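All remarks here apply to the structure that follows.
What follows draws every value from the coordinates through simple rules; no lab data is involved. Source: prediction; values computed, not measured. Every residue, glycine as well, gets a Cβ built from its backbone with ideal geometry; the counts of neighbours run over all protein chains shown.
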Amino acid sequence: MEIRLKEITIRELTEGYQDNAENGVRGYAGRLDIRPPYQREFVYNNKQRDAVIDTVMKKFPLNVMYWAVRDDGTYEVIDGQQRTLSICQYVNGDFSFSKTGYAFYNLTEDEQQEFLKYKLMVYLCSGTSREKLDWFETINIAGAELTAQELRNAVFSGPWISDAKRYFSKNGCPAYKQGSSYVSGSPIRQDYLETAIRWISGAKNNEEIREYMSRHQHDTNALALWSYFQSVITWVQGTFVKKREKFMKSVDWGELYNHYKDNIYDTALLEQETARLLMDDDVTRKSGIYPYLLTGDERHLSIRAFTPAMAQAAYERQQGICPRCGKHFDFKDMEADHITPWHAGGRTVADNCQMLCRDCNRRKSGK
């Protein structure tokens, strides 16, 4: 991998600057993707934007920026997008510097030339996808405010990721319009794109997401990913007919869809059970209701545990005897258990608490 530091003047950076809205923002004579199509939108507020211009005006150094070198010799901004946009927009006459009230075109010729001569320090990184991603993750730890998916987008740039961003990476994008009640996070921070990739690939970690992106990097479009995402959301809407955003956004719908999409469910009964479980105080993880109803696994619900006082009272009542094996145990070697199981209507109350030795409780739980 090659990493080299290059000085670039503002004049060079802003040459050929074009803001094509949803089609992206380019500069550096068209060779730099400042904001690729459907990438994160401009997020600096006026105060932050003015701070960039003030720094340049005073000839103070801006933080180093990072560009990825693409296979075709062009570049993409990895860190420094907001600073770059602030500079380009100011030179383009899009706003006035609040301290003086002057736009760039209001400056004298000498002042303009001084501004354009300002030198930016840029690290250019070229190499294999694995090498670039390792390096970007390292600089991200050092302070670059990028998400893991934004870093992956830069490393695996190409026609597939450009098309995927069209569906998943902009406020008001198609994925947001269809799935905002079921997916958490922000499209412009690439949360929707990451979620869709994780769902379709079944990825359990970042490495598996990278592997999926690497396989599809040179695909001509991302229609398969978009079609899959639509199928997941349509299935959720048809299976759980009442929308409850507060609890639904944290559910791993992709995993449930992949395993249960071909099953036929009584949607009215699912809704009845959902409402009942939402009112059950023993269910402490309400978002777990949805996977529980499909899998039957009570661990999704985090059933309320007996309090230490309830457990101690049961231990004293039993005089330390396990009712299953009849042996005596110290309190520390026993565990609180529902006499009438929760799924059979048993509540997490003192009268329904018994103390079992660990072995007996494990055997009971395993049945």
Of region 318-350, those with amide N under 20 Å from the point 7 Å along the Cα→Cβ vector of Asp281 are 337-350
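So which of Lys132/Lys261; Lys6/Lys117; Lys47/Lys177 end up more than 26 Å apart by C-alpha? Please list the in-between numbers first.
Details: Lys132/Lys261 38 Å; Lys6/Lys117 15 Å; Lys47/Lys177 31 Å.
With Cα atoms farther than 26 Å apart: Lys132/Lys261; Lys47/Lys177.
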Checked region 236-367 with the C-alpha gyration tensor, a ≥ b ≥ c its square-rooted eigenvalues, rounded below a/c of 1.5, otherwise prolate if a/b is larger than b/c and oblate if not; verdict prolate
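Rank the residues Ser186, Ser96, Ser157 as a footprinting-exposure proxy: fewest other Cβ atoms within 10 Å of their Cβ go first.
Values: Ser186 13, Ser96 16, Ser157 20.
In increasing order of surrounding Cβ atoms, one gets Ser186, Ser96, Ser157.
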Listed by chain and number, the aspartates and glutamates with an alpha carbon less than 14 angstrom from that of Lys332, same-chain partners under 8 positions apart left out, are Glu316, Asp359
Across Arg317, Arg11, Arg70, the residue with the highest GNM fluctuation in the chain (Cα network, 10 Å cutoff) is Arg317
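Expressed in nm to one decimal, what extension gain is obtained for the pair Lys204 and Asn258 from 0.36 nm per residue of sequence separation less their Cα-Cα distance?
Numbers: separation 54, 0.36 × 54 = 19.44 nm, distance 1.39 nm.
This chain segment gains 18.0 nm when fully extended.
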Filtered hits (lysines, Cα-Cα < 28 Å from Lys327, offset >= 8 within chain) -> Lys364, Lys367
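By how many nm would the segment from Asn46 to Gln113 lengthen if fully extended, with 0.36 nm per residue of separation less the alpha-carbon distance? Walk me through the numbers before you get to the answer.
Numbers: separation 67, 0.36 × 67 = 24.12 nm, distance 2.38 nm.
Extending this stretch completely gives an extra 21.7 nm.
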With +1 on the Cβ of every Lys and Arg and -1 on the Cβ of every Asp and Glu, the dipole magnitude of the chain about its Cα centre, in debye rounded to the nearest 20, is 760 debye
Among (1) 17; (2) 23; (3) 45, the value of percent of Cα pairs over 36 Å apart computed for this structure carries the label (3)
Least to most buried among Phe306, Phe229, by other C-beta atoms within 10 Å and fewest first, runs Phe306, Phe229
By the Cα gyration tensor axes a ≥ b ≥ c (a/c under 1.5 gives rounded; else a/b larger than b/c gives prolate, otherwise oblate), the shape of region 308-365 is oblate
Computed over region 308-365, the relative contact order (Cα-Cα under 8 Å, seq sep at least six) in percent reads 38 percent
Classified through the alpha carbon gyration tensor (a ≥ b ≥ c as square roots of its eigenvalues; rounded if a/c is under 1.5, else prolate when a/b is larger than b/c, else oblate), region 58-102 comes out prolate
Quick note on Asp337, Asp297, Asp33, ordering by fewest other C-beta atoms within 10 Å, gives Asp297, Asp337, Asp33
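Assign unit charges at the C-beta atoms only (+1 for Lys and Arg, -1 for Asp and Glu), then state the dipole size of region 308-365 relative to its Cα centre in Debye, rounded to the nearest 20.
About 200 debye.
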